[in-house]
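Read the structure below first, then the notes.
The values are calculated or read from the model by the stated rules, or taken from the named source; none is laboratory data. Worth saying up front: this structure is predicted, and the values here are computed from it rather than measured. With ideal geometry, Cβ positions are generated from the backbone for all residues, glycine too; neighbour counts draw on all protein chains shown. Side chains included, ligands, DNA and RNA excluded: accessible areas come from the protein's heavy atoms. Shrake-Rupley method; radii C 1.70, N 1.55, O 1.52, S 1.80 Å.
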Amino acid sequence: MNAVVPMPESRKAKPVAIKDDAMNLQKELINRNYRELAEARQAGRKVSATFVPGNLNELLMCFDFARSLPETNALQNGMRKKSGKFIMDAERDGHSEDVCTYVKADLGMMMGGEIGPTGDPMPRPDVLLLSYTGCFTFMKWFELIRHKYDIPTLMLHVPYQSQGKIDPNMRQYVVKQLKETIIPGLEKISGVKFDIDRLRQYMKESAKAEEDLVSVLQSAKKRPSPIDGYFGAVYYIGPIFTAFRGTPEATHYYSTLRAEIEQRIREGKGPVTPEGDMGEEKYRLIVEGPPNWTSFRDFWKMFYDEGAVVVSSTYSKVGGLYDFGFRHDPDNPLESLADYCLGCYTNLNLPSRIDMICKYIEEYEADGLLINSVKSCNSFSAGQLLILREVEKRTGKPAAFIETDLVDPRYFSAANVKNRLESYFQMVKQKRTTGIGANVKPVFPIAQV
Amino acid sequence: MTTATPVQRIVERCERLFEDLDFTAVKEWKAAVPGRKAIGYMPVYVPREIVHAAGFLPVGILGGGDNLEVIQGDAYYQSYICRIPRSTLELGLTGRLDCLDGMMFPSICDVIRNLSGMWQIMFPDKYVKYFDVPQNYVDNVGGNFYVHEMQALREDLGKMRGKPITDEELNASIRVYNDNRAAVSELYAYRAQKPWQAPTSEVYLLLRAGMVLPPEEHTKLIREYLAATDKEPRARRDNARVVMTGSFCEQPPLALIKSVEMSGCYVVDDDFMLVTRWLLKEVPADGNPLEELSKAFLHHSAATAAKYDATRAEKGVFLVKQVHTRGAEGVVFAAPSFCDPALLERPMLQDVLAKHKIPYTAFKYAENTGQMAPIREQAGTFADSIKLWSDVASAARPPEGAPTVARSAEVSQ
Ligand code: SF4
Ligand code: SF4
């Protein structure tokens, strides 16, 4: 699951030049990848498909693959309102209404002539690199594509961090698979010999971009936050979580973005929204769970209209958890790739996820937690109600729960979501004034309220 | 006063064990010798041999069924998540699992994975183990990883009992489970041969008894049942022979199994409680035990949606083999609602069946499904169609409008 979404145009305020740079760069990168995919066949390039969490972009580049990410295609189609039809087509073709809608949106797109979200043709991949990180559905998803199109699949099984740590057995297992299955498999399919120095070079580039990304995401600790760490962050994470990590273009994008955000901090500005600069920052939230893509703009608007900014989110860590220190390490390339795969957000156990959220609430001085539970994703969703209780218990901050889906428009009820959000903001306000909750000093004596 | 036949007595005993949500049998087993411990595990597969080798009782926890009122568990799960984690939590929160000293969560799906973490938080005094299994089937890759996983479990349990588990103990337990698997396999072979003599509702209960009884006792019970039921005169019906699949985790209510049978189907193979026959061959009991268990897992184990098929050609082979070796005429896909693994796997399996001209039908259930009429009707129609279109080839591709093979129909419960 994850994001490469073109940044929406600002409709109201004129963006400053430097902001334009980052926005345009990001858009250009995303479109370029779709163009590259569309032209891969003519250019004699092989095409790979792989998942976002724990993706091995640097490794795939070593074999000159054009790189497609089916989750990204699904979400792009979601944003363009195409996913509803695809999902129904897949259901008519025998897929259950109960399963992850990313899978059905992807299969439906294939049934509809394999035209990608931008209208460009999507080539059939030469290899499905099944990095089995953070989600069981991945395994079935690629088995389904393989079953239909007979495309070779390479499985990289990434064990689950059930004890909240990576033990050496887990790392060795992933490294061994890289050495004995994945790299030889990619060599065979691509016809390109593996060059570890090339991999190191890409990883060096990755680490630079990662440093800048972390700085951008952590800028939300400022007041006002210059970014939205959820709705805005899905744009920021686009290049690095997908086909660009390891490229100089990505490094350039992140340094430009960082400069732009630093400028906003100097100017004391809040985040950019699709309607221009956000107004007064009234609420600072942490969000857990993926966004809804089919009504993304409406969803976001419900926040910025109320002055709510998301200062940090777990979703923006789905393709890599850099803010706790991980960087791709060119000196230990394969071990580092293994740690990267093992460390994705949804590969963490529930206690680690709760710790992380509590830490965010504290470090970003957030007012509370909002969980967007998506019907599609058991990996995220099963257990979220316990996360909610635990976080409330540990931080004393209010938490709320809404339910939508990723790309199935049937599961976004704008009125319901809005109602829930409004009462949540009320609750936050009340809690602030009454001062109920740990670590919160009462502003007014409770009796007077 | 009626006197029960030996078969009835065995089945009644199993029924009592099945209905006892307080796990009295486990409590009694523990009470018999001070210091005894019991470790629970959720469905599909864990190497019970290791638990047994520690002298502990492995206890299969298969949700709450249709007799448990789920109140607290529902507060932890959204409506679009299957029922087994919530009813299992209910069992835990109501103290019914207090007799367990630990709980193992096999690697099946994201729900179970997250449930292991929930358990860590909600039952901090208990041993919790998420048991990962390899999806890479090369001995020195996935095999090594798996041996390490088993070794970690072995060490944990050794610590729990205060004495390391020896190879001899492990080999002795492997023998015990080899024997248990042999008995289960006799039971399955017998049912396939004479399904009227060993109805699936009874076979199911016998397997359920194996979730709470020590394996030695369970093995004996199965063999007693086989000897007893063979003597019982029972009516043979003109039923369609089917394989039931997709029910490897959350269990169908017993009434559903009975309904399928009553609608005119003999279930001649299934994937209930796969842990009892996950390993398909006898495991050598005189070598390095963990390595032998690993090899058995990698190279001779049952196929479910929880396992990766390394090539497209492998998909459905296990199911088709079940159909052919058991002489089945069709397949009933019965999956729990919201079960990603079973439901995502299904279209691929259906496709393989269609290519082999094996008819199938599909529906969903929940462990507390009460309304059996739609399922009975669908299974009945399916059984009729098999009998009508007795030529299997034509049944797979019935003429337009024939009420036979439900290609992708789902009766949602
Ligand atoms: S279940 Fe979740 S993580 Fe897995 S593919 Fe679907 S949306 Fe992505
Ligand atoms: S019933 Fe299916 S989805 Fe639910 S826990 Fe079991 S395998 Fe997972």
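If you go through the range A:255-294 and pick out every residue that is within 16 Å of A:L421 (Cα to Cα), of a type in the set (S, T, N, Q) and out of contact with any Gly (no Cβ under 9 Å at 6 or more places or on another chain), you end up with 0. Taken together, the residues in the range A:192-206 that are open to solvent by less than 30 Å² (accessible area, probe 1.4 Å) and over 9 Å from A:R245 (Cα atoms) amount to 1. Restricting to the range A:49-82, count the residues that are among the acidic types (D, E) and within 14 Å of ligand 1 (Cβ to nearest atom). Number satisfying all stated conditions: 1. In this structure, is A:G134 open to solvent by less than 10 Å² (accessible area, probe 1.4 Å), within 19 Å of the chain's Cα centre (by Cα) and within 16 Å of ligand 1 (Cβ to nearest atom)? Yes, satisfied.
Within the range B:129-145, work out how many residues are part of a helix (DSSP H, G or I), more than 9 Å from chain A (Cβ to nearest Cβ) and open to solvent by less than 60 Å² (accessible area, probe 1.4 Å). Total meeting the criteria: 1.
Contact map, the range B:101-126: first residue at the interface with chain A (Cβ under 9 Å from one of its Cβ atoms), second residue in a loop (DSSP other than H, G, I, E, B) and not hydrophobic (A, V, I, L, M, F, W, C), Cβ cut-off under 6 Å, separation 6 or more or different chains; pairs are B:S107/B:D132; B:R113/A:Y160; B:N114/A:G383; B:S116/A:S162; B:G117/A:N349; B:M118/A:G383.
Residue check: A:L144 meets all listed conditions (1) more than 9 Å from chain B (Cβ to nearest Cβ); (2) assigned to a helix (DSSP H, G or I) but one, namely (1). The sole residue among A:P226, A:P271 that is modelled with pLDDT of 95 or more, touching a Lys or Arg at 6+ places or on another chain (Cβ under 7 Å) and farther than 25 Å from A:N33 by Cβ is A:P226.
Being at pLDDT 95 or above, outside any helix (DSSP H, G or I) and either more than 10 Å from chain A (Cβ to nearest Cβ) or crowded, with 24+ Cβ neighbours inside 10 Å (or both) is true for just one of B:A334, B:A354. Which residue is that?
Only one candidate passes the filter, namely B:A334.
Scanning the range A:348-384 for residues that are among the aromatic types (F, W, Y) and within 15 Å of ligand 2 (Cβ to nearest atom) yields a single hit, A:F380.
With respect to the conditions (1) modelled with pLDDT of 95 or more; (2) away from ligand 2 (no atom under 16 Å from the Cβ); (3) within 14 Å of another protein chain (Cβ to nearest Cβ), B:L343 falls short on a single one, namely (2). All of (1) surrounded by fewer than 21 Cβ atoms within 10 Å (Cβ to Cβ); (2) in contact with a Phe, Trp or Tyr (Cβ under 7 Å, 6 or more places away or on another chain); (3) not aromatic (F, W, Y) hold for B:D125 with one exception: (2). Close Cβ contacts (under 7 Å, 6 or more residues apart or on different chains) running from residues in the range B:295-323 that are away from chain A (no Cβ under 12 Å) to residues that are open to solvent by 10 Å² or more (accessible area, probe 1.4 Å) and within 16 Å of ligand 2 (Cβ to nearest atom) comprise B:F297/B:V133; B:F318/B:A303; B:L319/B:T245; B:L319/B:L349.
With respect to being closer than 19 Å to B:D269 by Cβ, more than 12 Å from chain A (Cβ to nearest Cβ) and touching a strand residue (DSSP E or B) at 6+ places or on another chain (Cβ under 7 Å), B:A362 falls outside the description.
Of all the residues in the range A:255-276, those that are of a type in the set (D, E) and not in a helix (DSSP H, G or I) number 2.
Would a scan of the range A:20-29 turn up a residue that is modelled with pLDDT of 95 or more and acidic (D, E)? Among the residues of the range A:20-29, not one is modelled with pLDDT of 95 or more and acidic (D, E), which makes the answer no.
Cβ-Cβ distances below 7 Å connect the following pairs, each with a first residue in the range B:62-75 that is more than 14 Å from every other protein chain (Cβ to nearest Cβ), a second residue that is open to solvent by 40 Å² or more (accessible area, probe 1.4 Å), and a separation of six or more residues or different chains: B:G63/B:R83; B:D66/B:N368; B:D66/B:G370; B:N67/B:E19.
Here are B:G65, B:G40: which of them is within 20 Å of the chain's Cα centre (by Cα), of a type outside the set (S, T, N, Q) and within 30 Å of B:W196 (Cα to Cα)? The conditions single out B:G65.
Looking at the range B:302-331 only, could you name the residues that are in a loop (DSSP other than H, G, I, E, B) and either hydroxyl-bearing (S, T, Y) or within 16 Å of ligand 1 (Cβ to nearest atom) (or both)?
Once the filter is applied, which keeps residues that are in a loop (DSSP other than H, G, I, E, B) and either hydroxyl-bearing (S, T, Y) or within 16 Å of ligand 1 (Cβ to nearest atom) (or both), the range B:302-331 yields B:T304, B:A305, B:A306, B:Y308, B:T311.
Within the range A:373-387, being near ligand 1 (Cβ under 8 Å from one of its atoms) and in contact with a Phe, Trp or Tyr (Cβ under 7 Å, 6 or more places away or on another chain) holds for A:V374, A:S376.
When A:I361, A:I371, A:I357, A:I387 are checked against the criterion of being within 24 Å of B:S107 (Cβ to Cβ), aliphatic (A, V, I, L, M) and not in a loop (DSSP other than H, G, I, E, B), A:I387 stands alone in meeting it.
Listed here are the residues, each with its yes/no results for (1) surrounded by fewer than 23 Cβ atoms within 10 Å (Cβ to Cβ); (2) away from chain B (no Cβ under 13 Å); (3) in contact with a Pro (Cβ under 8 Å, 6 or more places away or on another chain).
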residue: A:L334; (1), (2), (3): yes, yes, no
residue: A:L337; (1), (2), (3): no, yes, no
residue: A:P351; (1), (2), (3): yes, no, no
residue: A:K359; (1), (2), (3): yes, yes, no
residue: A:E362; (1), (2), (3): yes, yes, no
residue: A:F380; (1), (2), (3): no, no, yes
residue: A:L385; (1), (2), (3): yes, no, no
residue: A:V417; (1), (2), (3): yes, yes, no
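Residues in the range A:277-322 that are within 16 Å of ligand 1 (Cβ to nearest atom), closer than 20 Å to A:I261 by Cα and not in a helix (DSSP H, G or I): 1 in all.
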